[in-house]
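Working notes, beginning with the structure itself.
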Amino acid sequence: MAKLKEADLAYTNDLPGAERGNPSYFENEVIDHLLGIVLELGAQFWVLRDRQAFLEEQLAAKGVVSLEDLEHGTPSDELQAKLKAERLAMIQQVYGRLYSTYGGDKAGPTSAPMS
Amino acid sequence: MSIQDALFPRGKIAGVYPTLTTRGDEAYVEFIEDARNVLMHAQQRPIGEYSQQLMTDAGIADSPDPETTQAAIDLLMQDPTLKTYYRVKRSLQEAFWSGLSKSLNQRRDEIVAAFDAAEAAGPGTVEYDDNWRENAPEYASREIHIQPGGYVKDELAGPFYDYGLKVFLGGAADHDRLAKGVSMATAVPDDGQVSRILDLGVSAGATTIALKEKYPDAEVWGIDISAPMVRYAHVRAMEAGAEIHLRQMAAEELDFPDNHFDAVLAMLLFHELPVPVAKEAIAEVFRVLRPGGKFTVLDFPSVRSRGVYSMFFAEMDAADNGEPYLPDYVRSNVEDLLVEAGFELEHYDPKAALTRGRVVVKPAA
Ligand SMILES: C[S@@+](CC[C@H](N)C(=O)[O-])C[C@H]1O[C@@H](n2cnc3c(N)ncnc32)[C@H](O)[C@@H]1O
């Protein structure tokens, strides 16, 4: 940097978020872990569900399926759209209740707002 | 290995995002993306109303000064539902990066080899410091969005960031739609002369490519402080057949002559800069723009348009999502910094800060 010295920016080392850290939000960090665990289990469940649906699609279409197809193929656009709807509904049904205090369990999915 | 085989072994998805290694990897990340859509994005408005009600009930003023923001943090982070929301947000972010990096790391060597092979090929050019890892400044090495390795230290920072943008925006950046919108919002001089354009902090380069597509006769330059980013942006430009010139360079130390560019863009750069760096960068843009040239800054609105809740949100994002410079940025009022540097403010609507941005013009000498 031409005019800025390293010392001018030393303060940034101490800003919140400068280091990755490992925040916990609950007094009892077991609750933090448990929430992480249920989300991870949901994701792992979904990977299996996706594979099963893809396998069924392949079998129905061809009667046989190769491991290579299952690992590296991609479901049809039609199946992907169906899976997306199923996934959104499952997430809302399983996890939505976390926000029932203020009615957030009923909030439908939206994309990130750009403002 | 060709770019195709290294980056898109299972075909391209939603434009040119790098393809994940297996269908299972993709299903995992799709779950995270939709969990974000349902459990974060859809909650943003109702959880904001809920939080603001808690603040009103506790008599917290709607002033975004640091003490009030701290009082809001102390209050809101005692609420079990809000703790859950911020826990879920952080866990989804951690899970996303872990799933993405596990998947792309399996092809790390192939991807890096494809970058190397692309380097001397055109269209367009790329240049960077050979000692990029050792020479990266500390302030630019933070793990923004808790991206592993941050923007400057990991060779795969470009593909990581690109895929991150897809997931964080819930698909709004797919098919480079966002980048095309940004190229439309980039202001050009009133006389219509557009010979040279500069894009600051290009990351994956989607916007820079869109600028070249919109102004095919202009010379389009893109800079980023990160060598991995400009390397990836070059590969993306080759894919698009766009002739753009990418350089590893700091926005606060531009290696271009005075009065050189007709238009300069900074899309989502300033909230990731410490304020002293932002000020230097603005002075540099003033120098390299020609009189009548325009500078477009697309980024979050500043403190004047934000209440204490938005400030609380920024402080939480800073601490938990690796955005250390966001709160100071929001309080800095970048539109004032631009005017202090000599620019004339031509347009700024805080409600459209991210879509139309702040547009300033360098006055005639
Ligand atoms: C959020 S990204 C920008 C997104 C991009 N403009 C787009 O349209 O998708 C921020 C980028 O700014 C770069 N950056 C950070 N500090 C910088 C600096 N001082 N000079 C130039 N680039 C910088 C980072 O490496 C990162 O790639």
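Bear in mind that the values in this text are calculations on the coordinates, not laboratory data. Not measured: the values here are computed from a predicted model. FYI the Cβ positions are ideal-geometry reconstructions off the backbone, even for glycines, and counts take in every protein chain you see.
Points to keep in mind about this one:
- Each semi-axis of the equivalent ellipsoid for the range B:167-255 is √(5λ) with λ an eigenvalue of the Cα gyration tensor; in descending order they amount to 19, 17, 13 Å.
- Relative contact order (percent, whole number), chain B, Cα cutoff 8 Å, 6+ residue spacing: 17 percent
- For A:Lys3, the aspartates and glutamates whose Cα comes closer than 17 Å to its Cα, not counting residues fewer than 8 places off in the same chain, are B:Glu138, B:Glu252, B:Glu253, B:Asp255, B:Glu280, B:Glu284.
- Packing-based exposure ordering (other Cβ within 10 Å, fewest first) of B:Trp221, B:Trp97, B:Trp132: B:Trp132, B:Trp97, B:Trp221
- Alpha-carbon Debye profile of chain B, log10 I(q)/I(0) at 0.07, 0.09, 0.10, 0.15 Å⁻¹: -0.31, -0.51, -0.64, -1.38
- Evaluated at q = 0.09 Å⁻¹, the base-10 log of the normalised Debye intensity for the range B:29-166, with identical point scatterers placed on the Cα atoms, takes the values -0.45.
- The rule of thumb for compact globular proteins, 2.2 N^0.38 Å, goes into the C-alpha radius of gyration of the range A:29-115 1.39 times.
- Just so you know, the Rg over Rh for the range B:258-365 is 0.99, from Cα atoms, with Rh as the Kirkwood radius.
- With 18 Å as the limit, the listed pairs B:Lys279/B:Lys362; B:Lys180/B:Lys351; A:Lys106/B:Lys166; B:Lys180/B:Lys212; B:Lys294/B:Lys362; B:Lys89/B:Lys166 have B:Lys180/B:Lys351; A:Lys106/B:Lys166 beyond it between alpha carbons.
- Dipole magnitude of the range B:1-145 about its Cα centre (Cβ charges: Lys, Arg +1; Asp, Glu -1), debye to nearest 20: 660 debye
- A straight line joining the Cα centroids of the range A:86-102 and the range B:104-152 runs 38 Å.
- Alpha-carbon spread of the protein assembly as shown, three principal axes, descending order, Å: 70, 62, 40
- Highest to lowest packing among B:232-238, B:281-287, A:43-49, B:35-41, scored as the average C-beta count within 10 Å: B:232-238, B:35-41, B:281-287, A:43-49
- Chain B: antiparallel DSSP beta bridges as a percent of all, rounded to 5: 25 percent
- Cα-based equivalent ellipsoid of the range B:168-361: semi-axis lengths in Å, sorted from largest, via gyration tensor: 25, 20, 16
- For the range B:24-101 and the range B:168-244, distance of Cα centres in Å: 32 Å
- Between the residues B:Ala71, B:Ala120, B:Val38, the greatest Cα displacement towards the positive end of the dipole of the range B:17-127, with unit charges on the Cβ of Lys, Arg, Asp and Glu, is found for B:Val38.
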